[in-house]
1. Of the conditions (1) outside any strand (DSSP E or B); (2) at pLDDT below 90, residue 10 satisfies every one except a single condition; which number is it?
């Protein structure tokens, strides 16, 4: 059963959705380094699946990093 969420900005109803892009959206710790003088940004483990909620009234987005994911 889905959990009802209320928007913290306008008290509208939040609907669950996702982020388009890769097959799945993952959150990880940001790692910055320099390789041959080029700044590189990578995402390191642990990784978490991302759940997204959007307010149907004002469009506010909330993202939650849930369920650790092994890459």
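The values are calculated or read from the model by the stated rules, or taken from the named source; none is laboratory data. For clarity, every value in this text was computed on a predicted model and none was experimentally measured. Glycine gets a Cβ as well: all are built from the backbone with ideal geometry, and neighbour counts include every protein chain shown.
1. (2)
Results for (1) modelled with pLDDT of 80 or more; (2) out of contact with any strand residue (DSSP E or B) (no Cβ under 6 Å at 6 or more places or on another chain); (3) over 30 Å from residue 6 (Cβ atoms), shown as yes or no for each residue.
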| residue | (1), (2), (3) |
| --- | --- |
| 31 | yes, no, yes |
| 44 | no, no, yes |
| 51 | yes, no, no |
| 66 | yes, no, no |
| 70 | no, yes, yes |
